[in-house]
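Let me begin by presenting the structure, written as structure tokens, before commenting on it.
The values are calculated or read from the model by the stated rules, or taken from the named source; none is laboratory data. Since the structure is predicted, the reported quantities are computational estimates derived from the model, not experimental observations. For neighbour counting, all protein chains shown are included, and Cβ atoms are generated from backbone atoms with ideal geometry for every residue, glycine included. Surface accessibility is based on the protein's heavy atoms, side chains included, excluding ligands, DNA and RNA. Shrake-Rupley method; radii C 1.70, N 1.55, O 1.52, S 1.80 Å.
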Amino acid sequence: MSIFNLSETETEIMEFFWDRNDVFTFYEVYQYFIEEKNKEWKKQTLYTYFSRLINKGVLTYKKKGTTYLYYSKIDKKKYIKQCTNKFLDDTFGGSLKNFLCALSGDDCLDPEAINELKEYFIKND
């Protein structure tokens, strides 16, 4: 399952980084997907995915001696929040009300749902 603008495979790679919250060499990541996930990737395939993820701003690296260490540039929760806000802005002009009305089938919200949202916002204010 893909997360917003990441492909399914890109999401799978980022899940590797998000779940471990650490730095890894290219070879460590490659070995994981070959051995644990039974991928039949050539090294160039993973390099291509890394390049795309770096360009999308979710993966980055640092050089330590002659080794490159890769790590997540943004945590999963923050990434999903950014994607959700972009979706809300692009699709509903940033209006939570318009989003909720669309979600409820344009019938707008019933009183029970309104009360539930009020309780949520009061608790998280």
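Limited to the range 5-16, what total is found for residues that are open to solvent by less than 40 Å² (accessible area, probe 1.4 Å) and either closer than 20 Å to Thr84 by Cβ or of a type in the set (Ser, Thr, Tyr) (or both)? So that I can check it myself, show each step before the final result.
Filtering the range 5-16 down to residues open to solvent by less than 40 Å² (accessible area, probe 1.4 Å) leaves 6, 9-11, 13-14, 16.
Right, trim to either closer than 20 Å to Thr84 by Cβ or of a type in the set (Ser, Thr, Tyr) (or both) and you get 6, 9-11, 14.
Selection size over the range 5-16: 5.
Can you tell me which of Gly105, Gly93 is more than 29 Å from Phe16 (Cα to Cα) and either of a type in the set (Phe, Trp, Tyr) or modelled with pLDDT of 85 or more (or both)?
It is Gly93.
Give me a count of the residues in the range 52-107 that are assigned to a loop (DSSP other than H, G, I, E, B), in contact with a Lys or Arg (Cβ under 7 Å, 6 or more places away or on another chain) and of a type outside the set (Gly, Ala, Ser). Explain how you work it out, then say what you get.
We begin by selecting, within the range 52-107, every residue assigned to a loop (DSSP other than H, G, I, E, B); these are 56-58, 65-66, 73-75, 93-95, 104-107.
Imposing the further condition that a residue be in contact with a Lys or Arg (Cβ under 7 Å, 6 or more places away or on another chain) reduces the set to 57-58.
Checking the rest, the ones that are also of a type outside the set (Gly, Ala, Ser) come to 58.
Looking only at that region, the number is 1.
With respect to Lys37, determine if the residue is at pLDDT 95 or above and more than 24 Å from Ser7 (Cβ to Cβ).
Details: at pLDDT 95 or above: yes; more than 24 Å from Ser7 (Cβ to Cβ): no.
Judged against the criteria, Lys37 is not a match.
Evaluate the following for Asn38: is it of a type in the set (S, T, N, Q) and either open to solvent by less than 50 Å² (accessible area, probe 1.4 Å) or in a helix (DSSP H, G or I) (or both)?
Working: of a type in the set (S, T, N, Q): yes; either open to solvent by less than 50 Å² (accessible area, probe 1.4 Å) or in a helix (DSSP H, G or I) (or both): no.
Spelling it out, it is not the case that Asn38 is of a type in the set (S, T, N, Q) and either open to solvent by less than 50 Å² (accessible area, probe 1.4 Å) or in a helix (DSSP H, G or I) (or both).
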